[in-house]
Each structure stands twice: as structure tokens, then as C-alpha cells.
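First the structure, in the form of C-alpha cells, and then the observations on it.
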Amino acid sequence: MKRIWRNPEDYCISQDKPKDKNIELFRQKFKEKLDNKDYNFQDYCFLEKVDFSYIKFDKEVDFSRTIFQKDADFTKATFQKDANFNEATFQKNAFFNQVIFKNAYFDKAIFQQNAVFIGSIFQSANFHEATFRHHADFLRATFQKDANFDETTFQKDASFNRVIFQNVSFDKAIFQYSFFDNSKFKNCFFIEAKFKFASFYKSEFQDVFFNKSVIEQNLKFISGQVDKLNLQNTQFLFKGYMTANLAQTKFHGADMENLAFVDCDWPKKIYEEIHMKDEQLSFKDLETVYRNLKQNMQRHGDYSKAGEFFYREMEMKRKGAEKKRDRLWFLLYYLLAGYGERPQRTLFMSVLAVLAFALLYLVLGCLQYAAINPCFLQKIIDAFYFSFVTFTTLGLGDIRPATTMGKALICCEAVIGAFLIALFVVVFVRKMAR
């Protein structure tokens, strides 16, 4: 038998005898109870709308397992001690607008209609395994210390716009349509959380973790400021987009096939490469991260950024190569063409080769000049000229090798020149075609 009221003389009005209930007596005893600062409402059932607005609770309040069959209004109430709503059921609307909580407990509470916490301040809060079956609104709420929303279920839309989060956990929480626009997050966790739709428009992040989270449909992530964002092992199952500064974002293990990065600020090296020892990642792990980012950019048509991630991918492959032969090959590819992404490096190596061979021709004296007894300056000009025409395989013939050494050098330069010119053309065309 569920009690809806009990006075000091154990007068009881039962839910299974609605014809016998005395509403006036209920209201009278209710007022007496509040006047006496008796805030123990454990296991009660309120059949009418209850109004606790503007009340200052200076003692512990217990509404655990309480049922509110009509609207419950706690607008601008103040809870200076613990407020216990564990396993409470709100069958109609619950209004907690601009409420100040010291320690709020809503473990396994059920909100069947609208739950409104607009402008409320929580010193600490616990909504573990709570269920919001209708609209949940935490607009401009502030969580000053620890707040626990682990395994909480939001079956409809949940609004956390303009909220300040500090040390808040949403681990394994389930969201349908969630809005975190213009909010501030500091040291927050969404580990293994599930989102059907999520919006983080112009929100600010500092140490926020989305490890192993799942975004089932759309994600709108346009951030004002990001300081350490963890997307490790996060899954984006449907299309979404993100605009943010990603200098301190972790990507290892994330499935980003459907996520578009729009106008993001990317670092030269991702956070996980810079702190790979602290993150306990290998070069192979980082190679995979860069490859996934490269493929993401290719799918969304950003080939310039895809090239940059390919460059970092090859760097990780070079540094992580186990065989010395492989490391030497990657080093040569790096020096000559920047893994096919730096045509200017090929051009520089070509100029360097021309100058090097010109110096060898001059020092070794292995050229027969067209002029008789040319001056030293003329020899320098002719050596450079001859090196250039040999490198480009033009071979005009006005200057000839005078020694066997000269012939050998000419053959080497011609082969190197043909290779570097072909390499430059391939790299340049590849770059321009994208």
C-alpha cells in the first residue's frame, strides 16, 4: 500500500482508497510538515500538483522513491544540504528552474514528461541510470564540481545549451537528439556513450573524452575552442561534420569514415605523435591514424590535406621500419621527393646535383674546353654549363670529356638527371592534378 501522506499520528491516506482521501487534510498536514522543516517524503505519492518553489531547504531533503502524479514545481528552491530524489518518479512535468543544489541525487529517477533544469546550479549531482522519457532541458545550468550521468537514458531530445560542465561523466549514456551548443566542457567524459544526433555548436573543450562512443546519425561539431579532445575508438556511423582546432585531439582507433572535417585547424603533427610515449603508441599505430585521416580527406575531396597526412603516414612508416634496407629506401624517397609530396625538394636536389658535378669537373680537370687556355672564371662557367646540358641529356658537344674519369662522371650525371627530371614531372603533375 503506497502512502500519499502520513502525519505524526500515523494517519494514512491510501492510494488504493481514493474516495476516502481528504485533500484539505492533505494540504494542512503538508503545510505543517514544511513549517516544521520535516523534509522526509520518502515513499510518498503526491496525487496533486506540488509547489516547493522558492523554499530554502536548510536540512537534508529525502524524496527517494517518491511518486509525483502531477506537476512538481521546485523553481528557485535552494537545497543547502543533500537533496535525495533517488528512484523518484515524475509522471508529469518536473520544474527545477534556477534551483541551487549542494548535492543532488537523482539515481534511477524517472522523468516521464518534461524535466526542466534551466539555470540551475549543481555543486555536485548524480543522475546515474536516470531515465528522461520526454524533453530534458538544462539550458544555462552550471555543474561546479562532480556530476554523474553514467548510463543515463535520454529517450527524446536533451538540451544542454550554454551549460558549464566541470568534471562531468556521461559514460555509457544514451542520447537520441542532444544539443550541447555554446557550452563549456572541462574534464568531461563521454566514454562508450551513444548518440543518435549530437550538436556541439561553438562549444569549448578542455580535456574531453569520447573514447568508444558511437554517433549513430548526424554530428554537428563546430567548436569555438578545443583544448584536449579525445576521440579514440569513437564510431561515427552516419554523416556528420566537425569544425574545430584539432591541435590537441586524439584519433587513435576512431572510425571516421563518415565524419567530414570542415575548415578545421590542423597541426603539422597530431597530438598523439608529439606525445606518443605518454600515449604508449607505436609508429605503426600512428601510421594507421594518419592513413585513416588521409582516406577521410580523400573521401571528402580535400586532396591537399590528404597529401599532408600521406606525408606523415610515410614518415611513421620510415621511422617504424624494422629492416635497415627499408629505412634507407624511405630516407632516399624522403630526401629526393618528400614521398612524392614535395616537388620543390626534387628541384632542389636537381640543382644540387648540377652544382656538385660541375665542381667535380672543375676540380678533377677532366673536361676539354672549346676555348684555348680559358681563364678560371670561364672554366667555372663552362663546367656549370656542361653539367647542366649533361644533366638534362642535351649533350651539345662543344665541350668534351678529356679523361676516363670525365666519361664516368658524365654517364652518372646523365642517369641521375634523367631520373630526377622524370621524378619531378611525376611529382609535379600529381600535385597539380589534385
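The values are calculated or read from the model by the stated rules, or taken from the named source; none is laboratory data. Computed from a predicted model, the values in this text were never measured in an experiment. Note that each Cβ is placed from the backbone with ideal geometry, even for glycine, and that neighbours are counted across all protein chains shown.
Any idea how many residues of region 337-351 are assigned to a helix (DSSP H, G or I), closer than 9 Å to Val427 by Cβ and touching a residue at least 40 places away in the same chain (Cβ under 8 Å)?
Qualifying residue count for the region: 3.
Please return the ranges of helices (runs of 4 or more DSSP H) entirely within region 220-327 where 1 or more residues are within 26 Å of Asn187 (Cα to Cα).
Output list reads 271-274, 276-279, 283-299.
Kindly provide the set of residues from region 348-383 that are loosely packed, with under 15 Cβ neighbours inside 10 Å and either within 30 Å of Glu313 (Cβ to Cβ) or within 35 Å of the chain's Cα centre (by Cα) (or both), ordered by number.
If the condition is that a residue be loosely packed, with under 15 Cβ neighbours inside 10 Å and either within 30 Å of Glu313 (Cβ to Cβ) or within 35 Å of the chain's Cα centre (by Cα) (or both), then Phe348, Val351, Leu352 are the ones that fit.
Inside region 143-200, counting only strands (runs of 3 or more DSSP E) that do not spill past its ends, which hold 2 or more residues that are closer than 22 Å to Gln112 by Cβ?
Counting at least 2 such residues, we get 153-159, 174-179, 194-199.
Going by what's in this entry, would Phe154 be described as at negative phi and under 21 Å from the mean Cα position of the chain (by Cα)?
no
When you scan region 20-60, how many residues do you find that are assigned to a loop (DSSP other than H, G, I, E, B) and either under 25 Å from Ser120 (Cβ atoms) or not assigned by TED's automatic domain parsing to the domain that holds Lys81 (or both)?
Count: 14.
Pairs under 6 Å by beta carbon, first residue under 17 Å from Phe143 (Cα atoms) in region 169-183, partner basic (Lys, Arg), six or more apart or different chains?
As it stands, the answer is Asn182/Arg162; Asn182/Lys202, since those pairs meet every condition given.
Which one is nearest to Lys70 (Cα to Cα), of the residues in region 30-49 that are of a type in the set (Lys, Arg) and loosely packed, with under 15 Cβ neighbours inside 10 Å?
Step by step, filter region 30-49, then rank; the result is Lys49.
Determine whether Phe185 is crowded, with 22+ Cβ neighbours inside 10 Å, modelled with pLDDT of 95 or more and not aliphatic (A, V, I, L, M).
Taking the combined requirement at face value, the residue does not satisfy it.
Only one of these is among the aromatic types (Phe, Trp, Tyr), in the same structural domain as Phe348 (by TED's automatic domain parsing) and out of contact with any Phe, Trp or Tyr (no Cβ under 8 Å at 6 or more places or on another chain): Phe391, Phe424, Phe386. Name it.
Every option except Phe424 fails the conditions.
Does Thr66 count as over 20 Å from Phe149 (Cβ atoms) and hydroxyl-bearing (Ser, Thr, Tyr)?
Judged against the criteria, Thr66 is a match.
Test each condition in (1) surrounded by fewer than 18 Cβ atoms within 10 Å (Cβ to Cβ); (2) of a type outside the set (A, V, I, L, M, F, W, C); (3) over 30 Å from Glu308 (Cβ atoms) for Gly406 and report the one that comes out false.
(1)
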